[in-house]
Amino acid sequence: MKQHFANLIEEEESAIDMTPMLDVVFIMLIFFIVTASFVKEAGIDVNRPDAATAVQKDRANILIAISESNEIWIDKRQVDVRAVQANIERLYAENPQGSVVIQADEESNTRVLIKVMDAARSAGVYDVSVATDEE
């Protein structure tokens, strides 16, 4: 009986408990999901104008595209110019550290670009940039 009890204790001591490791893995997974910043794509490709002073912009989370036919695209949806401010406010509320980058086609109208910039500033986002290609 004593030998049998000693074998049970020995088996119990040699077993590895995986529960704490799994807890740590799941906590890390939740942490990375919560802290990840997601980039909202504009939804279309545009021919950006060239600029000699183009600079790489980090942390651009709200992308707005203006097509050559002056259509505005946010988050893979075509948006009316009157709804741009509301969309930017919504996306900015999701990520307050983000900035707005406008990808305007080189054939698009400057009037539409200025309206989008005004809508971004009216939404409370003052970090607004216009995307270009390097020469």
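Throughout, read-outs are computed from the coordinates displayed, never taken from laboratory work. Remember, it's a predicted structure, so these values are computed and weren't measured experimentally. For neighbour counting, all protein chains shown are included, and Cβ atoms are generated from backbone atoms with ideal geometry for every residue, glycine included.
Working note: Debye formula, equal point scatterers on the alpha-carbon atoms of the stretch 62-132, no solvent; log10 I(q)/I(0) at q = 0.19, 0.21, 0.22 Å⁻¹ is -0.64, -0.79, -0.88.
Computed extension length for ASP118-VAL34: 27.1 nm, one decimal, from 0.36 nm per residue of separation with the Cα-Cα distance subtracted.
With 0.36 nm allotted per residue and the present C-alpha distance subtracted, the ILE16-SER129 stretch has 35.2 nm of extension available. If R0 is taken as 41 Å, the Cβ-Cβ distance between GLU107 and ILE27 corresponds to a FRET efficiency of 0.25. Each Lys and Arg Cβ is given +1 and each Asp and Glu Cβ -1; about its Cα centre, the stretch 85-133 then shows a dipole of about 260 debye.
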